[in-house]
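Encoded as structure tokens, the structure appears first; notes follow it.
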Amino acid sequence: MANGRTFGIMTTNSNHDNQQQADGLDRVRIFDTTLRDGEQSPGAAMTHEEKIEVAALLDEMGVDIIEAGFPIASNGDFDAVNAIAKQVKSAVVCGLSRAGFKDIDRAGEALKPAKRRRIHTFISTSPVHMKHKLQMEPPAVLEAVAASVARARNWTDDVQWSAEDATRTEPDFLCRTVEAAIRAGAGTINIPDTVGYATPQEYFELIAMLKNRVPGADRVVFSTHCHNDLGLAVANSLAGVLAGARQVECTINGIGERAGNAALEEIVMAIRVRKDRMPFATGIKTEMIARASKLVSNVTAFPVQYNKAIVGKNAFAHESGIHQDGMLKNAQTYEIISPASVGVTGTALVLGKLSGRHAFRDKLASLGYVLGDNALEDAFRRFKDLADKKKHIFDADIIALVDDSVLRRQDPIQVHALKINAGKDVIPAAELTLKVGAELRSGAAQGDGPVDAIFNAIRQLYPHPAHLQLFQVSAVTEGTDAQAKVSVRLEEDGRTVTGHGADTDTLVASAYAYVNALNKLLVKRKKSVPEKLTVAR
């Protein structure tokens, strides 16, 4: 029981976490699990290089703990955690493990290079999980809790323990497991709402109950890990903070298993905006939020819904005449967050086909891009081509253009020319020229549709055994002249890569995306593009 205290009224301070912001507010640690729980979203697998890129950005934006992966899951996961441990400069690098000693030792090995490392070990504690998943009795689970934490302490002093399915665990037993973890040396206790079952009041009372009843609770940091099955992940996480939790587990864009996890951007901005109700602070550089959202969306090929809070395309859009009138008079009439505070410019691009390189470079800088001379020249050329095609050019167009240009500029295989023949009662056909190294290869192919014809032509000019797993198209902006953003996922011998392409012509963007994915496969194979290749004609 929570002794009659109610969510939203009382806040409990943590005696363990003495980190304070300059303004004296309690510090809430941000534990990002995009690379672990987020990657468990069906279809959201990231390449080794993409994981390192995401980890570097998370570190730069001030995430306190980065859960880099589940080292025992695969050699690839081990290698990614190990590489991230070598690279991260400021954040704690965390590896997940089950209660088994092999899991824990594997995590410890992967984390060895990290400047600051944490092992996160867990075991199920709810009746349904213990009976059907673990097939273990409560006493055996209690023994496993103590033994696993003690084993992890052999590798690092920073050990986190989680009670999987905590919100469906009997309160008395949950208290006993938490006490066992604390006694064994865990410094962080995570209370997951694993299946997104809890409500905010309920979750508040659960955290408050543990802090009040468990011996030693004042010596540890309590953490939230809430799933979004009922759409309550963020609300439950904030309720936990109000009850005394001082760590929140979350992901960029809220990605994760099933309906996802609590969204980092929503947690951080809610704490920042509503200090009157939540007198806390995080160390996140909020101006980098939009950039992180775009990166994770790109590498996972998961588009961000238009009305997504904080990072959605419409988050700072105002179409209603009444709203527009209010915005013109005072932005605070309808905006509680400044777009710039999360890295969104909030304005349309005013450049056009007569704009010069200097103006273009300044616009890129305002969007967070600093390009070398060659990359700038290539992006500027593509901008001029786009300006000839589109009447209105928006910041989102420039972002898609530059991202796509950077992706393709160094690719050993490039789309040189493409011509499509398609229509009603016409067999779709594609005439394609690829530049492979210094060689131009041309050919034609038919397909069930124009995209299928393009992909068949690519496979004809550059034979490969990869299988298409995903083809996804989204519009960068509104209008019939909008750029299409295409994502293509290929799989070859267990290696999975995602390519991207953008163009005002959806078919051209499709070719770019497939070839970009093919180039990523070449990197995965760690082979260079051969100068000559015998192609079956």
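Here, each number is a calculation from the coordinates, and none is a lab measurement. Worth saying up front: this structure is predicted, and the values here are computed from it rather than measured. Here the Cβ is made from the backbone with ideal geometry for all residues, glycine too, and neighbour counts use every protein chain on show.
Working ranking of peptides 134-144, 260-270, 42-52 by packing, defined as the average number of other Cβ atoms within 10 Å per residue, highest first, is 260-270, 42-52, 134-144. Using θ = phi - 60° in the Karplus curve 6.51 cos²θ - 1.76 cosθ + 1.60, the 3J(HN,Hα) couplings for region 114-119 round to 5, 5, 9, 10, 9, 9 Hz; x is entered for Gly and Pro. At most 15 other Cβ atoms within 10 Å plus a DSSP loop assignment makes a site exposed; report the longest stretch of the chain without any exposed chymotrypsin sites (Phe, Trp or Tyr not before Pro). Counting only loop sites that pass the neighbour cut-off, the longest clear stretch is 1-305. 3J(HN,Hα) along region 380-387, derived from phi through the Karplus expression 6.51 cos²θ - 1.76 cosθ + 1.60 where θ = phi - 60°, amounts to 5, 4, 5, 4, 4, 4, 5, 5 Hz, with x in place of Gly and Pro. With θ taken as phi - 60° and the Karplus curve 6.51 cos²θ - 1.76 cosθ + 1.60 applied, the whole-hertz 3J(HN,Hα) list for region 75-90 is 5, x, 5, 4, 4, 5, 4, 5, 5, 5, 4, 6, 8, 4, 9, 10 Hz, x standing for glycine and proline. Here the simple spin-label model places points 7 Å from the Cα toward Cβ, and for Ala56 and Ser442 these points are separated by 3.9 nm. Here Glu137 and Asp218 are evaluated by their C-beta separation; at R0 = 45 Å the FRET efficiency comes out at 0.90. Around the amide H of Ser162, modelled in the peptide plane, lie the amide H atoms of Thr121, Phe122, Ile123, Asn190, all under 5 Å away and 5 or more residues distant in sequence or on another chain. The amide H of Gly260, built 1.01 Å from its N in the peptide plane, has Asn228 as neighbours under 5 Å, considering only residues 5 or more places off or on other chains.
Based on the Stokes-Einstein relation at 25 °C and a viscosity of 0.890 mPa s, and on the Kirkwood radius from alpha carbon pairs, region 26-300 is assigned a translational diffusion coefficient of 135 µm²/s.
Taking amide hydrogens as placed 1.01 Å from N in the peptide plane, the amide H of Gly62 sits under 5 Å from those of Lys285, each at least 5 positions away in sequence or on another chain.
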